[in-house]
Amino acid sequence: MTQPDPQHEWFVAARGGDREALQHLARFWWPRLKRWALLELGDPTLADDACQEALVRLTREIVNLDDSRPLGAWLRTVVRNCCRNVGRSERRHQQGSPRTGKVVDLERELDLRRGANRMLHAFAQLTPRQREALDWVDRQGLTPTEAAARMDSAPGTVRALLHQGRSALRAHLLDDLHDLVRHR
C-alpha cells in the first residue's frame, strides 16, 4: 500500500496560485534538484544554473500541470533538459574561449572523467539492491516510498538501503581521495 505524497497538498495549493505553497515546493525540491543536476553536469555552479532554470519553469508551468501525476517525475525531466541546455551553453562558451583556456578545459575534462570512473567503480561495489534503490531515488527522482513499490519492498527497507549505499559510496570515494593525496 503506497502512502500519499505529503507534498501533494502544497502542489495543489501552488497550482491554485498560492505563492507561499510555491515557495515551499521550491525549498523542498531544491536539494533533490541540485543532486540530480550535479549527477548530470558534475559542476556545482552549472548545477545551480540548471536548478534555477528548472524552478523558473516550475513557476511558469505549475498552473498547467496535472496534479494527479507526480511532480517529482516532471521536475526530474525538466532538470535533465535544463542540464542539457546549460551544458550546451557552457560548451559554446568554452569553444569561444582563448587558446590558453583550452588546456585548462582539457585538464578539467580529464579530472571529471577520472572522478566519474571512480564513482562508477564505487557504485559497482554496492549490493544490487543498494544500486537499485539509489538508481530509483537519486537518479530517477522517485521518493523512497515510490521506489519501495517498484522494488516490492517496504519503504523502511529502501531507506535503509539508501543509507547503506550512500555511506558505502562516501567511504569508498574518501578512501580514493586519501590515496590520491598520498601519491602526490
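A few remarks follow.
- Region 54-67, residues that are among the aliphatic types (A, V, I, L, M) and either under 19 Å from Leu39 (Cβ atoms) or in a helix (DSSP H, G or I) (or both): Ala54, Leu55, Val56, Leu58, Ile62, Val63
- From Asp152, Asp111, residue being at pLDDT 80 or above and exposed (fewer than 13 other Cβ atoms within 10 Å of the Cβ): Asp152
- In region 40-55, the qualifying residues are those that are among the small types (Gly, Ala, Ser) and at pLDDT 85 or above, and the one that is surrounded by the most Cβ atoms within 10 Å (Cβ to Cβ) is Ala50.
- None of Asn64, Asn85, Asn81 is at pLDDT 85 or above, in the same structural domain as His8 (by TED's automatic domain parsing) and farther than 24 Å from Thr143 by Cα except Asn85.
- Residues that are under 16 Å from Asp138 (Cα atoms) and either touching a Leu at 6+ places or on another chain (Cβ under 6 Å) or in contact (Cβ under 8 Å) with a residue 40 or more places away in the chain (or both), drawn from region 149-177: Ala149, Pro155, Gly165, Ala168, Leu169
- Residues that are part of a loop (DSSP other than H, G, I, E, B) and over 19 Å from the mean Cα position of the chain (by Cα) within region 131-156 comprise Asp152, Ser153, Ala154, listed in sequence order.
- Among the residues of region 116-138, those identified as loosely packed, with under 15 Cβ neighbours inside 10 Å and touching a Leu at 6+ places or on another chain (Cβ under 9 Å) are Gln125, Thr127.
For (1) surrounded by 15 or more Cβ atoms within 10 Å (Cβ to Cβ); (2) part of a helix (DSSP H, G or I); (3) basic (Lys, Arg), each residue gets a yes or a no:
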residue	(1), (2), (3)
Gly17	no, no, no
Gln23	no, yes, no
Leu38	yes, yes, no
Arg69	no, no, yes
Thr77	no, yes, no
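The values are calculated or read from the model by the stated rules, or taken from the named source; none is laboratory data. These numbers were taken from a predicted model, which means no experiment stands behind them. Note: ideal-geometry Cβ built from the backbone for every residue, glycine included; neighbour counts use all protein chains shown.
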